[in-house]
Amino acid sequence: MTDHENIVVSRDGRVATITLNRPKALNALNHALMTEFVAAAEELDADPEVGCIVVTGSQKAFAAGADIKEMLEQSYADVYVKDWFSAWDRFGALRTPTIAAVSGYALGGGCEVAMMCDIIVAAESAKFGQPEINLGVLPGMGGSQRLTRAVGKAKAMDLILTGRQIGAEEAERSGLVARVVPTEELLDQVGEIASGIAEKSLPAVYAAKEAVQVALESTLTEGIRFERRTFMAAFAFEDRTEGMQAFSEKRAPQFRHR
Ligand code: CO8
């Protein structure tokens, strides 16, 4: 993997980790970081030897938002012509499962990147918020949409209109995060979740992820139809035969596609 200035990419078996690495700016997401991050994520996504991608930051900050100092310099024409930050959409569209391991601040764009991931695991120290309202703007990387889908209108309006931060416990209670773990155990516990996912059958994982995403973007009837057809299509996977055979023979499955 090539050298990066704003991220660190590491591999442990079938699990890849992208660590945001702009400590002086609390991992604020500038254009250079986005470009490196999305390119690295797409490269990992295209590698069938990678079964799960973990995204993390430092203990103090997952990411404190888009880079405010960089944004300050931009005009409307600048951001419109450059389609500012649209590359993040490509990260949200990866097929490989992604887990955000959040410690410290996940604010603004930081919270939005965490929400682009499939699962958020929060350290007890995590703080989530959409403080853009305090800068005279609103969320711009999907926060008003993904947060509302994750936690519902009441809490989304509360967070987006007041700009207040919530801790890990409130975030879990609200449905924003999947699990809360002791801060010092964050990376170990996320590593275990990630390697567990990475050992499953890759086509089944891709299909399951896609089905959940369809739930967020379709009617119930369309979603059920998509799920049923995809479930039936899974009968064509060799790994499905192996999975069911292994169960019948009381042994662990040896998936071929993983
Ligand atoms: N951008 C740029 N620099 C930042 C950012 C940021 N978002 N956050 C922190 N920093 C810098 C600080 O300026 C400081 O740098 P320096 O030492 O050079 O002054 C350094 O990081 C350390 O920060 P603090 O001294 O402020 O640390 P504290 O522990 O006192 O405070 C906070 C931590 C509470 C996280 C505080 O830094 C803060 O409030 N940060 C800003 C949070 C914020 O408002 N985030 C939202 C940004 S807007 C956004 O994300 C919109 C995304 C949509 C873009 C869509 C484009 C189309």
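The values are calculated or read from the model by the stated rules, or taken from the named source; none is laboratory data. Predicted, not measured: the structure shown is a model, and the values here were computed from it. Cβ: placed from backbone, ideal geometry, glycine included. Neighbour counts: every protein chain shown. Accessible surface is based on the protein model in full, side chains and every heavy atom, while ligands, DNA and RNA are left aside. Shrake-Rupley method; radii C 1.70, N 1.55, O 1.52, S 1.80 Å.
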Query raised in the report: Hey, among Gly243, Gly196, Gly223, which residue is more than 27 Å from the chain's Cα centre (by Cα) and either assigned to a helix (DSSP H, G or I) or in contact (Cβ under 8 Å) with a residue 40 or more places away in the chain (or both)?
Result: Gly243
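Anything in the stretch 1-41 that is polar (S, T, N, Q) and more than 16 Å from the ligand (Cβ to nearest atom)? List them, or say none.
Scanning the stretch 1-41 gives Thr2, Ser10, Thr17, Thr19.
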Report summary line: Of the residues in the stretch 144-174, those that are within 19 Å of Glu124 (Cα to Cα) and of a type in the set (S, T, N, Q) come to Gln165, Ser174
Report task. Tell me, please, whether a residue that is free of Cβ contacts under 8 Å to residues at least 40 places away in the same chain, exposed (fewer than 15 other Cβ atoms within 10 Å of the Cβ) and farther than 19 Å from Leu44 by Cα can be found in the stretch 175-182. Result -> yes
Query - Selected residue (only one of Ala234, Ala194, Ala215 is within 23 Å of Ala114 (Cβ to Cβ), small (Gly, Ala, Ser), at pLDDT 95 or above and outside the structural domain of Val137 (by the TED database)) - result: Ala215
Report task. For residues that are under 18 Å from Ile119 (Cα atoms) and touching a residue at least 60 places away in the same chain (Cβ under 8 Å), scanning just the stretch 54-69, find the one that is farthest from the ligand (Cβ to nearest atom). Result -> Val54
**Report entry** Hits in the stretch 40-86 (condition: surrounded by 11 or more Cβ atoms within 10 Å (Cβ to Cβ), of a type in the set (Phe, Trp, Tyr) and more than 18 Å from His4 (Cα to Cα))
**Finding:** Trp84, Phe85
Query raised in the report: Residues in the stretch 108-124 that are open to solvent by 20 Å² or more (accessible area, probe 1.4 Å) and within 15 Å of the ligand (Cβ to nearest atom): how many?
Result: 1
Requested in this report: Starting from the stretch 14-33, take each residue that is within 19 Å of Met141 (Cβ to Cβ) and list its partners that are in a strand (DSSP E or B) and open to solvent by 10 Å² or more (accessible area, probe 1.4 Å), counting only C-beta distances under 6 angstrom and pairs at least six apart or across chains.
Outcome: Ile18/Val9; Leu29/Ala66
**Report entry** Selection count, the stretch 125-161, where residues are near the ligand (Cβ under 10 Å from one of its atoms), closer than 21 Å to Ala178 by Cβ and among the hydrophobic types (A, V, I, L, M, F, W, C)
**Finding:** 1
